[in-house]
1. Name the residue, out of B:75, B:61, that is within 21 Å of residue B:41 (Cβ to Cβ), within 14 Å of chain A (Cβ to nearest Cβ) and under 12 Å from the mean Cα position of the chain (by Cα).
2. Could you tell me which residue of segment A:38-53 is modelled with the highest pLDDT, considering only residues that are in contact with a helix residue (DSSP H, G or I) (Cβ under 9 Å, 6 or more places away or on another chain) and in a helix (DSSP H, G or I)?
3. Considering only segment A:333-341, I want to know if a residue exists there that is assigned by TED's automatic domain parsing to the domain that holds residue A:224, modelled with pLDDT of 90 or more, in a loop (DSSP other than H, G, I, E, B) and buried (at least 16 other Cβ atoms within 10 Å of the Cβ).
4. Looking only at segment A:421-442, decide whether some residue is more than 22 Å from residue A:163 (Cβ to Cβ), among the small types (Gly, Ala, Ser), touching a residue at least 24 places away in the same chain (Cβ under 8 Å) and out of contact with any helix residue (DSSP H, G or I) (no Cβ under 9 Å at 6 or more places or on another chain).
5. Return yes when residue A:40 is surrounded by 17 or more Cβ atoms within 10 Å (Cβ to Cβ), β-branched (Val, Ile, Thr) and within 14 Å of chain B (Cβ to nearest Cβ) and no when it is not.
6. Answer yes if at least one residue in segment A:138-153 is assigned to a strand (DSSP E or B) and within 14 Å of chain B (Cβ to nearest Cβ), and no otherwise.
7. Within segment B:47-55, can one find any residue that is modelled with pLDDT under 95, on the phi < 0 side of the Ramachandran plot, of a type in the set (Gly, Ala, Ser) and part of a strand (DSSP E or B)?
8. Which residues, counting only those in segment B:8-35, are of a type in the set (S, T, N, Q) and touching a residue at least 40 places away in the same chain (Cβ under 8 Å)?
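The values are calculated or read from the model by the stated rules, or taken from the named source; none is laboratory data. From a predicted model like this one, the values you see are computed outputs, not experimental measurements. Methodologically, a virtual Cβ is constructed for each residue, glycine included, from the backbone with ideal geometry; neighbour enumeration extends over all protein chains shown.
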Amino acid sequence: MPANSIFESFLAGQGYALFEYVGDGDFRLIGEWPPWCANIWGAPPSGDQLIGLADKSPFLENFLVDAEEFWRARLPGSVNSGNWIERGADGREIPLEASARSLDGKRILLIQNLSETFGQQQKWFQTARNSLLEHEKLLKEIQKKEILLHCIVHDLTQPLSALNGVFHLLERENLPAGLRKYVKAGERESQRQELMIRGILEAFSSDLAAQQARETKISAAPDLLACAKQAIEEFSPAFRERQIRLSLGAHAGGSRGWRVVGDASRIDRIFGNLLENAMRYAPKGTSVTIGLQDQDGFVFAFVDDEGPGLPLDQRPDQLFALFSRGKAHAGKAGLGLYFCKITVERWGGAIGAETRERGGSRFWFRLPRATQTAESKATAAGQGKSAEREKPQKFKKAEKSLRILVAEDAELNRDLLIELLRKRGHVAEGVADGRQALAALEKHNFDVLLLDEEMPRMTGLQTTAAIRRRELTTGKHQIIIGISGHATEDDEHRFHEAGMDAALAKPVEVKTLYKAVEAAAQNLHPVAPHSQHETDPAAAAGPADAARTSADSPAHPPAHSPADRDDVVTHLRRSTGGNEKLIRSLAATFLADAPQALARIRSAVAKNNAAELAGAAHLLKGSLAIFGAPKAVAAARNMEALGRADSLPDAPAGLSALESEFALLQDELRAIHSTPRPKAKSRLKPKPARKRKRSR
Amino acid sequence: MLQKKICMLGSFSVGKSSLVRRFVESIFDEQYHTTIGVKVDKKVVSVSGADVMLVLWDIYGEDALQTMRMSYLRGMHGYLLVVDGTRRQTLDDALALNDRVVSEIGKVPAVLALNKFDLADQWEIEPAQETQLTAAGWTLQHTSAKTGDAVEKAFLQLAQLMPAK
């Protein structure tokens, strides 16, 4: 057999068909006509018969343009068509690839049947693309959960706003020392809860970059030694109860001080989490020690216990993983150490644990030392902070009285904001939604509009858009401060994008509220410099900065209180400081208004109107939360979620659950309302009577 | 018979092959089979009373693994730009691809198929965005290769947009 024939047979055996191009889309077969060619293009050409491949295959016809150009240019190598698929007479799909090359001046087309390798290639691509789709799906799930988390955080911070406001008001009343202690305790606990809620948001939010951005703006460097001392002071009673000694050990080599990069409130929580962890494992009669060491450019802090040491079957780094639970599951959900890890790492530090040579465990973390600039700022801020803590907080009138409109759908929150602003000497009015805010702004001038984000009928963002549109013709600028229940950097950005001047986070701190309102209004009414520094030495920043401080307010390290499972009456007494008048007023308002809200939910379910259901359930949920009725709140939240998800088939069952919880609460509130008023004067000084706006 | 080359363009897994299969063979397969390379199908339709042979080029979806060769679009009379309405990103990718197509070969009749409309509960394209697309001159169809909704309509609409010659 001639060499050429052997070569041609070999090529055919390898799945190739070889052609010489003669022009006009016609080819001459060189060598064998493989069976797959017959399957696709029929019988082999006889003798010197030409094959019009371009006519037989639109794909080849298209490729021929590239091939001709290649042949014409007399380029070296080959030009390739890429894969394509032809269907055979037997219905099978045959993957092919063509390449054009020049050989001895001849224009050669090589077509390869890829059936043997195509399956594998297909499998790789299929796997890769399936993985990409799965990845996309997972990301969406995470996003959904984040949205849910933000909703939950919003719901949790809503009643906190009211509680914090009540405490702030009570604190400024002329209370007997004994009672003041309880108010302080209540305030501390509500602030602690706020920190925990924010901790959850931070731990689970994938928006870590935004978080980081906030935290690198260090304006005050905390003193790690002061934080350690404070943690020891806070935890000593709990340790004593368990007969474990808690002490401050070595903190040598601190001639340069102990100021580090970070945030005091979160460092308090890190120490708190590490001490809680040590307390769980340290046996009775042993010691737990906190120590500090100077390490080049870092401060090294540790908590040593004399317990059993780290579990042998667990790597130390696994202890800091999400939902990791230690030996014998003595811990809780496994969030505490995870929080410590992400927080410390975010500040450029490290965290770890080890079994000590002499027995017991050491949990440690290391944080970078604060720079000189941050340190000097910290000194100033630290002094201000300690002065704030010690000085009794009194209401001081603002330099200039402002007219402020408060748009907030939750009545109690609205009333509290108004009350706090009035105490400061401002003139404040309230409305329950965006539409009412627009109407009020048309009738009167307000220096500042405080605008809640989530309101029925017209949200805060929609209201802002309407106001800004209106201003295009009037040329005025209404100062708008948005109030968000989420308080992330994203929210702040969103608010500014929407045209708001500043953003406040719920629960709104009194100081932050005054600072934001008055700083924003300075643009309209310039006041003398330092005018508000008497009450607030730190106030110098713009409204956005002022708003941001809410998340960074001084921490109150955890004390250990049992979960609050009190009934409605106890809850109300606690949240109002035992103000019977306020309790009756709240009960009366609820009994008068809430049935209408429930009726709206019924109507929305009957009409299958998801949007209306979500709005009505949101409103009712806010009212229910004031009474600490967790089951009723959960039922309302469920209805809101069904409405938002447009998932109405489950709504009748949800409604029935809500109705029965609602009825129980109604009974309790009726009992409160009908109880004869105590003749004895409340020890609390009632706030001045104010006409309640019945806007709903 | 007049022949018209139509290309199916869009990201991977948006349903290009499924639309062709539904249109040509009235078949739908629930399982996703990724396309490698190009597959050419033909179908005769009636446009303004005349038979036209549509030559459908089902071109693999673009992603990090495969980039589309612009040479496949040579001689194209029109294209169906396919988007998975339940994956917002595929719309952005499709519009970016469209920009490349227009810059390479100029304006050619096209229909934007927002596919997988049977999954309307997972729809990620806002009505406002669809309005914007229409305002920008796009002919839109909410298609479902699964149910067959608007599939034939999308192809016929594209055929009608193409010059009769």
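1. It is B:61.
2. The residue in question is A:40.
3. Checked against the condition, which is being assigned by TED's automatic domain parsing to the domain that holds residue A:224, modelled with pLDDT of 90 or more, in a loop (DSSP other than H, G, I, E, B) and buried (at least 16 other Cβ atoms within 10 Å of the Cβ), segment A:333-341 yields no hits at all.
4. Yes - at least one qualifying residue is present in segment A:421-442.
5. yes
6. No; the residues of segment A:138-153 include none that is assigned to a strand (DSSP E or B) and within 14 Å of chain B (Cβ to nearest Cβ).
7. There is at least one residue in segment B:47-55 that is modelled with pLDDT under 95, on the phi < 0 side of the Ramachandran plot, of a type in the set (Gly, Ala, Ser) and part of a strand (DSSP E or B).
8. The answer is B:11, B:13, B:17, B:18, B:26.
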